[in-house]
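Reviewing the structure listed below.
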Amino acid sequence: MVEVKLGAATVTRIEESYEPNFAAKTFFPDWKPEIVDEHRSWLVASHYDEASAMLKLSVHSWLLNIGGKRILIDTCVGNHKPRPHRPKWHLMETKYLERLKAAGVTPDQVDMVMCTHLHVDHVGWNTRLDDGRWVPTFRNAKYVWSQDDFDFYGKLDKDPEKGPANGGSFRDSVLPVVEAGLARMVKGAAELDEHLRITPAPGHTPGTIRIELDSRGQKAVFCGDILHHALQVYHPEWNSFACLDQDNARKSRRATVEHCAGTGARLLPCHFGAPFTCHIESKGAGFVPRFVG
Ligand SMILES: [Zn+2]
């Protein structure tokens, strides 16, 4: 289990899956085969599977313990959810909740759930199947995400030609939380408490946020899909196939990389391979990751 101490905070990685899952050349339109030899020492095999030419993108949550509060950041794909458009994520049955429990937290003890954006692999455990209905998994929690993403995907979901939004996850993993009265949507930048701050980072989706933690001067950034892969530290201009607004996705990524390099904040991404977190250092005109376990 990966556990990071930052000031008074403890951050624990809760794994859902970690396997080769996306063809590199379709995931990154800018992918070129030479990149493998250029970065082989760290890239293979924790971040890239050479045999299948697939990226190895982890899917995990971060459990943040601070000031007696338990906050779950990004909730993966979830169990039993029909996702025929993504066979690896279709009707999953993982031991995610058991892993959460092994980290010392039951669903009823989670105080807050935060979603960096509303894509299918960031909202899944928001709900669970109960007697044929999708109900909030964390019934004592407030769920925080951006109003902009909710408005954008809500509209798309209702469009008979484009809906259901995000592979059905808007209906089974977002709306039931709103209907249960547990959603707390934020617009723009927000201070959640003395440790946590939300900064808008639009591009990957219109309402993508980055979550900044500062405890006793120790800083971290939960970046969601602003960066999917550590190669994007070297290439902040690389968008994924899933980035909606190409220019703004690049701008928000560069701003996040510069923020980490400038403040020393540890990057806590959702999809990087082992060891799953890094610092970012400036090197020449660019940036390099310094992985920390
Ligand atoms: Zn994602």
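The values are calculated or read from the model by the stated rules, or taken from the named source; none is laboratory data. Model, not experiment: these values are computed from the prediction. Here the Cβ positions follow ideal geometry from the backbone for every residue, glycine too, while neighbour counts run over all protein chains shown. Please note that ligands, DNA and RNA were not included when accessible areas were found on the heavy atoms of the full protein model with its side chains. Shrake-Rupley method; radii C 1.70, N 1.55, O 1.52, S 1.80 Å.
Structure above, values below:
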quantity: Listed residue pairs exceeding 31 Å between alpha carbons, taken from K5/K95; K56/K251; K81/K142; K155/K251; calculated: none
quantity: Whole-percent carbon and sulfur share, accessible surface of the chain, 1.4 Å; calculated: 50
quantity: Anisotropy class of the chain from Cα gyration tensor, a/c 1.5 cut; calculated: rounded
quantity: 3J(HN,Hα) from dihedral phi, the stretch 235-241, Karplus parametrisation 6.51/-1.76/1.60, rounded to Hz, x for glycine, proline; calculated: 10, x, 7, 7, 8, 8, 4
quantity: Lys, Arg +1 and Asp, Glu -1 on Cβ, resulting dipole of the stretch 143-293 about Cα centre, debye, nearest 20; calculated: 440
quantity: For H279, net neighbour charge (Lys/Arg +1, Asp/Glu -1) across residues whose Cβ lies under 13 Å away; calculated: +3
quantity: Extension reserve of the D111-K25 stretch, reckoned as 0.36 nm per residue once the Cα distance is removed; calculated: 27.0 nm
quantity: Inter-part distance where the stretch 1-76 and the stretch 217-250 are each reduced to a Cα centre, Å; calculated: 13
quantity: Candidate aspartates and glutamates for bridging to K283, where Cα separation is under 14 Å - those fewer than 8 sequence places away on the same chain excluded; calculated: E258
quantity: Peptides 149-161, 111-123 ordered by average Cβ neighbours within 10 Å, highest first; calculated: 111-123, 149-161
quantity: Charge dipole (the stretch 50-99, unit charges on Cβ, about Cα centre) - positive-most of P87, M54, L97; calculated: L97
quantity: Partners for K219 among aspartates and glutamates (Cα-Cα distance below 13 Å; same-chain residues under 8 apart left out); calculated: E194
quantity: Residues in the stretch 1-36 that a label on H85 would reach, taking backbone N under 17 Å of a point 7 Å out along Cα→Cβ; calculated: 22-23, 27
quantity: Rule-of-thumb Rg ratio for the stretch 165-293 [Cα; 2.2 N^0.38 Å; N residues]; calculated: 1.11
quantity: Cα lying deepest toward the dipole's positive end in the stretch 124-275, options H204, T256, P136, charges on Cβ; calculated: T256
quantity: Cβ-defined net charge surrounding D148, 12 Å radius [Lys, Arg +1; Asp, Glu -1]; calculated: -1
quantity: Estimated inter-spin distance, A190 and E258, nm [label 7 Å along Cα→Cβ]; calculated: 2.6
quantity: Net dipole in debye of the stretch 1-124 [+1 Lys, Arg Cβ; -1 Asp, Glu Cβ; about Cα centre; nearest 20]; calculated: 300
quantity: W42-T199 FRET efficiency (beta carbon distance; Förster radius 35 Å; 0.05 resolution); calculated: 0.80
quantity: Rounded, prolate or oblate (a/c below 1.5 giving rounded, otherwise prolate when a/b exceeds b/c) for the stretch 60-130 by Cα gyration tensor; calculated: prolate
quantity: Peptide ranges 178-191, 47-60 listed from the most packed, as the mean C-beta count within 10 angstrom indicates; calculated: 47-60, 178-191
